[in-house]
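Peer 1: Please see the structure below; I have some questions.
The values are calculated or read from the model by the stated rules, or taken from the named source; none is laboratory data. For clarity, every value in this text was computed on a predicted model and none was experimentally measured. Methodologically, a virtual Cβ is constructed for each residue, glycine included, from the backbone with ideal geometry; neighbour enumeration extends over all protein chains shown. Ligands, DNA and RNA are stripped out before the accessible areas are found, and what is left, the full protein with its side chains, is counted by its heavy atoms. Shrake-Rupley method; radii C 1.70, N 1.55, O 1.52, S 1.80 Å.
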Amino acid sequence: MTESYTPLVVRDLHKSFNGNPVLEGLSLEAHVGDVITLIGSSGSGKSTFLRCMNLLEIPNEGDVIVHGEPVKFCVKRGERHPADWKQVERIRGKLSMVFQGFNLWAHMTLIGNVIEAPVHVLGLSKKEARERGMALLERVGLADRADYFPAQLSGGQAQRGAIARALAMEPEVMLFDEPTSALDPELVGDVLKVMRELADEGRTMVVVTHEMDFARDVSSQVIYLHKGQIAEAGKPGDILEKPGTPQLKQFLGPRF
């Protein structure tokens with residue numbers, strides 16, 4: 001498959017904070033319908049890697065290519081920056097992100113959150129955006145909560161609402177940054193159910209997660225990060241059932 005038909009390509013990504021390397025030469029290709037899960041201990045660089053993909057963090061080196069379009073960078077005063085912020089905004093519309101902390105706007109209702117970007121970024125009419133938004137809330141089981149504010153929702157409801165908001169942009173790739181880690185255990189299942197359904201539909205997804213059952217059952221590829229590097233990558237059956245490094249065996253727990 002050529003890069004022009006590949007939703008997301010990341011090549012040789014490096015990122016440092018205050019001179020301390022966090023990512024050291026990471027690469028990834030997400031083809032149509034891939035579900036790539038990033039696993040690893042806290043501090044291994046998973047979330048930073050994900051945030052570099054949609055330029056919430058600017059990599060110090062490396063390439064990000066979205067549907068064949070390389071992100072343009074320039075260097076100013078010794079620091080790397082995007083050369084064209086309009087390009088960044090356009091690319092972010094193709095890489096919708098669901099955050100650990102929901103990030104819903106507190107002053108807007110749930111349906112207001114879902115339609116905001118389609119109206120102001122995609123240029124949809126409010127009527128069309130609301131119709132699409134209500135269909136998405138129905139899909140995640142929240143149509144009856146459309147006029148609730150985020151403070152009136154449970155954590156699981158808020159996260160499912162955040163998924164609906166991300167879907168409203170009709171992205172090419174969904175990015176999930178530990179979407180269940182802030183939830184009470186009894187609420188995790190509802191969010192994972194929605195994510196499994198998205199995977200079954202053929203959505204292209206990159207997911208940072210500690211949910212190993214989800215990674216095993218849904219992933220097309222699992223990438224294990226250790227100290228800012230890709231220590232292992234492959235099919236979930238190989239990575240999770242036959243870990244090749246002591247670090248991954250320790251991460252996966254007592255059965256190894």
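Residue by residue, here is whether (1) closer than 23 Å to ALA199 by Cα; (2) more than 16 Å from the chain's Cα centre (by Cα); (3) buried (at least 20 other Cβ atoms within 10 Å of the Cβ); (4) among the aliphatic types (A, V, I, L, M) holds:
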| site | (1), (2), (3), (4) |
| --- | --- |
| SER42 | no, yes, no, no |
| GLY45 | no, no, yes, no |
| GLY62 | no, yes, no, no |
| LYS72 | no, yes, no, no |
| VAL75 | no, yes, no, yes |
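Peer 1: Now, a different point. Regarding ALA158, is this residue modelled with pLDDT under 95, in contact with a helix residue (DSSP H, G or I) (Cβ under 7 Å, 6 or more places away or on another chain) and closer than 16 Å to ALA106 by Cα?
Peer 2: Working: modelled with pLDDT under 95: yes; in contact with a helix residue (DSSP H, G or I) (Cβ under 7 Å, 6 or more places away or on another chain): yes; closer than 16 Å to ALA106 by Cα: yes.
In short, yes.
Peer 1: Among the residues of the range 207-229, count how many are assigned to a strand (DSSP E or B) and in contact with an Asp or Glu (Cβ under 7 Å, 6 or more places away or on another chain). Lay out the reasoning, then the answer.
Peer 2: Quick first cut of the range 207-229, residues assigned to a strand (DSSP E or B) only: 207-208, 221-226, 229.
Remaining after also requiring in contact with an Asp or Glu (Cβ under 7 Å, 6 or more places away or on another chain): 208, 221, 224, 229.
Residues meeting the conditions: 4.
Peer 1: Would it be correct to say that GLY19 is over 18 Å from VAL208 (Cα atoms) and open to solvent by less than 30 Å² (accessible area, probe 1.4 Å)? Outline the logic, then answer.
Peer 2: Numbers: over 18 Å from VAL208 (Cα atoms): yes; open to solvent by less than 30 Å² (accessible area, probe 1.4 Å): no.
No.
Peer 1: Another one. In the range 93-140, what residues are β-branched (Val, Ile, Thr), open to solvent by less than 60 Å² (accessible area, probe 1.4 Å) and under 26 Å from MET53 (Cβ atoms)? Before you say what the answer is, go through the steps one by one.
Peer 2: At the first step, the residues of the range 93-140 found to be β-branched (Val, Ile, Thr) are 98, 109, 111, 114-115, 119, 121, 140.
From the residues that got through so far, the ones that are open to solvent by less than 60 Å² (accessible area, probe 1.4 Å) too are 98, 109, 111, 114-115, 119, 140.
VAL98, VAL114, ILE115, VAL119, VAL140 - these are the residues of the range 93-140 that are β-branched (Val, Ile, Thr), open to solvent by less than 60 Å² (accessible area, probe 1.4 Å) and under 26 Å from MET53 (Cβ atoms).
Peer 1: Can you name every one of the strands (runs of 3 or more DSSP E) wholly within the range 1-73 that holds 2 or more residues which are modelled with pLDDT of 95 or more and charged (D, E, K, R)?
Peer 2: On the way: elements: 8-17, 20-30, 35-39, 61-66.
Because the criterion is at least 2 residues that are modelled with pLDDT of 95 or more and charged (D, E, K, R), the strands (runs of 3 or more DSSP E) in the range 1-73 that meet it are 8-17, 20-30, 61-66.
Peer 1: Separate question: Could you say whether any residue in the range 181-196 is more than 21 Å from PRO150 (Cα to Cα), open to solvent by less than 20 Å² (accessible area, probe 1.4 Å) and either not in a helix (DSSP H, G or I) or not aromatic (Phe, Trp, Tyr) (or both)?
Peer 2: The answer is no, given that none of the residues of the range 181-196 is more than 21 Å from PRO150 (Cα to Cα), open to solvent by less than 20 Å² (accessible area, probe 1.4 Å) and either not in a helix (DSSP H, G or I) or not aromatic (Phe, Trp, Tyr) (or both).
Peer 1: Scan the range 141-150 and tell me whether some residue there is under 25 Å from GLY202 (Cα atoms) and buried (at least 21 other Cβ atoms within 10 Å of the Cβ).
Peer 2: Initially, the range 141-150 is screened for residues under 25 Å from GLY202 (Cα atoms), giving 141-143.
Those left that are additionally buried (at least 21 other Cβ atoms within 10 Å of the Cβ): 142.
Yes, the range 141-150 contains at least one residue that is under 25 Å from GLY202 (Cα atoms) and buried (at least 21 other Cβ atoms within 10 Å of the Cβ).
Peer 1: Filter the range 230-249 down to the residues that are part of a loop (DSSP other than H, G, I, E, B), more than 18 Å from GLY25 (Cβ to Cβ) and open to solvent by less than 80 Å² (accessible area, probe 1.4 Å) and list them by number.
Peer 2: Applying the first criterion (part of a loop (DSSP other than H, G, I, E, B)) to the range 230-249 yields 235, 242-245.
Restricting the remaining residues to those that are more than 18 Å from GLY25 (Cβ to Cβ) gives 235, 242-244.
Answer for the range 230-249, where residues must be part of a loop (DSSP other than H, G, I, E, B), more than 18 Å from GLY25 (Cβ to Cβ) and open to solvent by less than 80 Å² (accessible area, probe 1.4 Å): PRO243, GLY244.
Peer 1: Is there a residue in the range 161-171 that is surrounded by fewer than 16 Cβ atoms within 10 Å (Cβ to Cβ) and under 16 Å from the mean Cα position of the chain (by Cα)? Before the answer, list the steps.
Peer 2: Kept after step one, since they are surrounded by fewer than 16 Cβ atoms within 10 Å (Cβ to Cβ), are these residues of the range 161-171: 170.
Among the residues that remain, those that are also under 16 Å from the mean Cα position of the chain (by Cα) are: 170.
Yes, because at least one residue in the range 161-171 is surrounded by fewer than 16 Cβ atoms within 10 Å (Cβ to Cβ) and under 16 Å from the mean Cα position of the chain (by Cα).
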